[in-house]
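First the structure, in the form of structure tokens, and then the observations on it.
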Amino acid sequence: MYDLRDTLQGTAEAILKKKYGSSTTVHFQVSLEDGHGDLTTSVALQLAKKVGSTPRDVAQVLVDGLKSVKGITNIAIAGPGFVNVTLDPESLISGIKTARKACVPMRKRKAQPVVIDYSAPNIAKPLGIHHILSTIIGQSNANMYRHLGYEVVSVNHIGDWGTQFGKLAVAQKKWGKKDVSEQTIDELLALYVRFHEELDKDKSLEDEGRLAFKKLEEGDEELRTFWKTVITITMKSMENLYERLDVHFDFTHGESFYEDKMKSILEEGNEKGVFKRGEEGALIVEFPEESKLPPAIVIKKDGATNYLTRDLATARYRIDTWNPQEILYVVDIAQQLHFKQLFATLGQLGWKLPHLEHIIFGRMSFADKSMSTRKGNILRLEEVLDEAVKRASAIIEERGEKIQTDDPKALAEMMGVGSVVYGVLSQNRKMDMVFDWDKMLSFEGNSAPYLQYTYARAKSVLRKAGSEGADVVVESLTEKERKLLKQVLLFSEMVEAARREHLPHTLAHYLYELCQAFNSFYATDDIASAAGATRDFRLALTSLTAEVLKTGANILTLRVPERM
């Protein structure tokens, strides 16, 4: 089908150029709607006004010119000027080999890498449920880029620097254990929370915290030892969760990594007149009035650095080290102003910049719980994953013999963690997200268990048949075969579309529709019990469906079971 689609597009462009005298790009999309053929194009609607004709007249020019192309069984005009093309079975089935190749990561492109910055938790606090957003949205985007042959540099930009460490150091000295290394991540969080509770009674604690961080920046030996110990405690607590989520980084760089890289940026900004003295001695950067951006602080009035200082140094380091074509920051919508100011400041510095993009995501609501670390009622990610696994285990037990597995515990982990991950990635990242247990663990709707069960069903069919089938051509296709075949042939396009817009939910929705198409096919068309070429083709189609589901699931960081 892919070769024929290329032929159709090239032929259509030649027909339109000959008729109207100008070059026009024609794109035929795979049509999944009943009665709309296999391929459709809306080029006539786009071109009509330009050439002084009606859309249906332009469409008729295409129909007349394309109807004799080999492989087309029907071509017709629909609605205001769509051109719908129906293909013969051989032309459709020819796309299977290309679809199988799409399940294998592409060969590395000879191009500059893409740097993706995601997860970015703060040290001294456990990962909260809100951290899963940046973490898995970032990882799934990294996976999409890698699958399509891009070189990716994935970075966990952890918050291991800043005034909060001064506050924590003060809290540790006043209320913590004598030996910091004996404290757990929960106890460190409790100290941080207590600091802010006591701050309501004693405002001088704020200045103590700032002074402690200033000493840390200046190299105070005792504070540096405390700080390094806190980092070790925190990273150990995070590693297990990252493994459970199938999240991996090429580099973990704390903000402190850039401590010795800020001075040159400040000197350059001063020399170029980008940084100026503001009120009370702070160093600021101002932006053109048309940008509507407020001034940003580069150095605080007490001489301490801040997020902007460190992010400028971070950008310089990444550009110099990797010479990337893109730097993507997967950070929530609350930081939108910060990144606008960061990108604008980088522009004023006059550097040669790669494409910079802030991949925003909305907030998550979950059972009306607030997720503010400062108030101490953070909903821990580990607790949510454990609860999901517990609920999945109960479902497995409840379903009894309907669930086939040799390892219920491993399946519950796969289902539970998968339900949380997919529950996030199946929603548009740009919108606020709702965490709904029933929806996430359903075997019927757009959920991880539904995808996992569909994959396991396909593998079960192949095991019972004892064959993966063969890519043979059949004389005719049933309605369900045709729809499923077209769905699997869309896979590479859907991964590219999701990567291009950085929208994992596009891929998730595609996989959901693929599951629906396969289950509909499974319910109506005999597979293993069919005969001859029909059996070989249907088994091959089942095998390809399973392959696409597994590949797509892995891109979304989901694991799928061979039996379920």
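The values are calculated or read from the model by the stated rules, or taken from the named source; none is laboratory data. Model, not experiment: these values are computed from the prediction. Note that each Cβ is placed from the backbone with ideal geometry, even for glycine, and that neighbours are counted across all protein chains shown.
Given the criterion within 20 Å of Leu544 (Cα to Cα) and either assigned to a loop (DSSP other than H, G, I, E, B) or touching a Leu at 6+ places or on another chain (Cβ under 9 Å) (or both), identify the matching residue among Ser91, Ser53. First the steps, then the outcome.
Values: Ser53 fails: within 20 Å of Leu544 (Cα to Cα).
After applying the criteria, what remains is Ser91.
Yes or no: region 464-473 includes at least one residue that is in contact with a helix residue (DSSP H, G or I) (Cβ under 7 Å, 6 or more places away or on another chain), closer than 23 Å to Leu411 by Cα and buried (at least 19 other Cβ atoms within 10 Å of the Cβ).
At the first step, the residues of region 464-473 found to be in contact with a helix residue (DSSP H, G or I) (Cβ under 7 Å, 6 or more places away or on another chain) are 465, 467-473.
Now restrict to residues that are closer than 23 Å to Leu411 by Cα: none.
Taking every residue of region 464-473 in turn, none turns out to be in contact with a helix residue (DSSP H, G or I) (Cβ under 7 Å, 6 or more places away or on another chain), closer than 23 Å to Leu411 by Cα and buried (at least 19 other Cβ atoms within 10 Å of the Cβ).
Listed here are the residues, each with its yes/no results for (1) more than 16 Å from Ile132 (Cβ to Cβ); (2) in a loop (DSSP other than H, G, I, E, B); (3) among the β-branched types (Val, Ile, Thr).
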{"residue": "Val424", "(1), (2), (3)": "no, no, yes"}
{"residue": "Pro449", "(1), (2), (3)": "yes, no, no"}
{"residue": "Thr454", "(1), (2), (3)": "yes, no, yes"}
{"residue": "Arg463", "(1), (2), (3)": "yes, no, no"}
{"residue": "Gly469", "(1), (2), (3)": "yes, yes, no"}
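When the residues of region 165-189 are narrowed to those that are small (Gly, Ala, Ser) and surrounded by 19 or more Cβ atoms within 10 Å (Cβ to Cβ), which ends up farthest from Leu211 (Cα to Cα)? Break it down stepwise before answering.
The first filter runs over region 165-189 and keeps only residues small (Gly, Ala, Ser), leaving 166, 169, 171, 176, 181.
Narrowing the set further to residues that are surrounded by 19 or more Cβ atoms within 10 Å (Cβ to Cβ) leaves 166, 169, 171, 176.
Details: Gly166: 7, Ala169: 10, Ala171: 13, Gly176: 19 Å.
If we take residues in region 165-189 being small (Gly, Ala, Ser) and surrounded by 19 or more Cβ atoms within 10 Å (Cβ to Cβ), then Gly176 is farthest from Leu211 (Cα to Cα).
Out of (1) surrounded by 22 or more Cβ atoms within 10 Å (Cβ to Cβ); (2) closer than 21 Å to Val421 by Cα, the odd one out for Arg538 is which?
Arg538 satisfies all of (1) surrounded by 22 or more Cβ atoms within 10 Å (Cβ to Cβ); (2) closer than 21 Å to Val421 by Cα except (2).
What's the number of the condition Gln46 fails, among (1) modelled with pLDDT of 95 or more; (2) not in a strand (DSSP E or B)?
For Gln46, the exception is condition (1).
Just a yes or no: is a residue in region 40-59 in contact with a strand residue (DSSP E or B) (Cβ under 8 Å, 6 or more places away or on another chain), in contact (Cβ under 8 Å) with a residue 60 or more places away in the chain and within 30 Å of Glu481 (Cα to Cα)? Break it down into steps so the answer makes sense when it comes.
Initial filter on region 40-59 (in contact with a strand residue (DSSP E or B) (Cβ under 8 Å, 6 or more places away or on another chain)): 40-45, 56, 59.
Pick out the ones that are also in contact (Cβ under 8 Å) with a residue 60 or more places away in the chain and you get none.
Checking region 40-59: not a single residue is in contact with a strand residue (DSSP E or B) (Cβ under 8 Å, 6 or more places away or on another chain), in contact (Cβ under 8 Å) with a residue 60 or more places away in the chain and within 30 Å of Glu481 (Cα to Cα).
Of all residues in region 508-533, count the ones that are surrounded by 19 or more Cβ atoms within 10 Å (Cβ to Cβ) and either at positive phi or over 30 Å from the mean Cα position of the chain (by Cα) (or both).
2
Where in region 262-354 are the strands (runs of 3 or more DSSP E), entirely inside, with at least 1 residues that are free of Cβ contacts under 8 Å to residues at least 12 places away in the same chain and more than 27 Å from the chain's Cα centre (by Cα)? Steps first, answer last, please.
Working: elements: 275-277, 283-285, 296-299, 326-330.
Output list reads 275-277.
Please indicate, with yes or no, whether at least one residue in region 116-137 is more than 30 Å from Trp227 (Cβ to Cβ), surrounded by 19 or more Cβ atoms within 10 Å (Cβ to Cβ) and modelled with pLDDT of 95 or more.
no
How many residues does region 480-516 hold that are more than 30 Å from Glu357 (Cβ to Cβ) and free of Cβ contacts under 8 Å to residues at least 60 places away in the same chain?
The qualifying residues number 2.
Which of the residues that make up region 9-38 are assigned to a strand (DSSP E or B) and touching a helix residue (DSSP H, G or I) at 6+ places or on another chain (Cβ under 8 Å)? Lay out the reasoning, then the answer.
Going residue by residue through region 9-38, those that are assigned to a strand (DSSP E or B) are 29-30.
Answer for region 9-38, where residues must be assigned to a strand (DSSP E or B) and touching a helix residue (DSSP H, G or I) at 6+ places or on another chain (Cβ under 8 Å): just Val30.
I need the full set of residues from region 305-337 which are more than 27 Å from Lys430 (Cα to Cα) and surrounded by fewer than 16 Cβ atoms within 10 Å (Cβ to Cβ), in order please.
Within region 305-337, Tyr317, Asp320, Thr321, Asn323 qualify.
Every residue in region 510-564 that is assigned to a loop (DSSP other than H, G, I, E, B) and within 26 Å of Thr405 (Cβ to Cβ), please.
If we filter region 510-564 for residues that are assigned to a loop (DSSP other than H, G, I, E, B), which is where we start, we get 525-531, 556-564.
Ile527, Ala528, Ser529, Leu556, Thr557, Leu558, Arg559, Val560, Pro561, Glu562, Arg563, Met564 - these are the residues of region 510-564 that are assigned to a loop (DSSP other than H, G, I, E, B) and within 26 Å of Thr405 (Cβ to Cβ).
Among the numbered conditions (1) in contact with a strand residue (DSSP E or B) (Cβ under 7 Å, 6 or more places away or on another chain); (2) at pLDDT 95 or above, tell me where Gly37 comes up short.
Every listed condition holds for Gly37 apart from (2).
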